[in-house]
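> The structure follows.
The values are calculated or read from the model by the stated rules, or taken from the named source; none is laboratory data. Please read these numbers as outputs of a predicted model, since none were measured by experiment. Every residue, glycine among them, receives a Cβ derived from its backbone with ideal geometry; neighbour counts consider all protein chains shown. Quick note on the areas: whole protein, heavy atoms, side chains included, nothing else; ligands and nucleic acids left out. Shrake-Rupley method; radii C 1.70, N 1.55, O 1.52, S 1.80 Å.
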Amino acid sequence: MNDSTIKCLVLGVAMAVSLPLYAQAPAESVAPVARVETDSGVVMISDSGEFATAMANQSVPAKARIMVSEGSSATVVYKDGCKQKYDKPGVYEVSATCVPAAAFASSGGPSAALIVGGAVLASAAVYTIVDNNSSNDDRPPVSR
């Protein structure tokens with residue numbers, strides 16, 4: 001096998017392995033995961049549609065968006081009691097679970113980046129093994 005054939009084979013195996021994993025990623029939940037408390041000013045919420053003014057203690061599902069305007073603040077209170085405060089203007093997405101500000105965690109289940117990264121690492125490992133094994137040639141050198 002030449003190098004391009006091996007590379008194509010490894011890429012195909014990686015894709016075949018990663019697609020089922022991506023399909024098993026958890027579906028987005030529409031059940032409320034938290035409630036939004038408007039601390040001050042105007043806070044807007046969008047649950048896959050247009051933004052509307054947040055009601056007092058409005059329940060929100062994961063992936064809902066919160067728009068905090070200048071001089072406003074809101075607190076998202078999760079069912080486990082964890083709180084996230086938003087006091088800078090911007091649009092924020094509600095996580096499925098409470099994520100501390102400094103954490104870089106997924107919202108449960110494998111993310112697309114994790115799956116692709118794993119597929120790339122697995123492909124590199126397989127390619128290295130195949131390449132090392134194919135270079136061990138028992139034939140004598142052409143020139144002596």
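> Let me cross-check Tyr127: its accessible surface, 1.4 Å probe, with only protein heavy atoms counted, in Å² to the nearest 10?
Its heavy atoms expose roughly 60 Å² to the probe.
> Here is a further query. If amide H atoms are built 1.01 Å from N in the plane of the peptide, which residues on other chains or at least 5 residues away come under 5 Å of the amide H of Gln58?
Residues meeting the amide H criterion: Val36.
> Once you list every other residue whose beta carbon is under 9 Å from the beta carbon of Val76, what net charge do they have if Lys and Arg are +1 and Asp and Glu are -1? Present the calculation step by step, with values, prior to reporting the outcome.
Details: positive: Arg35, Lys83, Lys85; negative: Glu37.
That sum, taken over residues with Cβ under 9 Å, equals +2.
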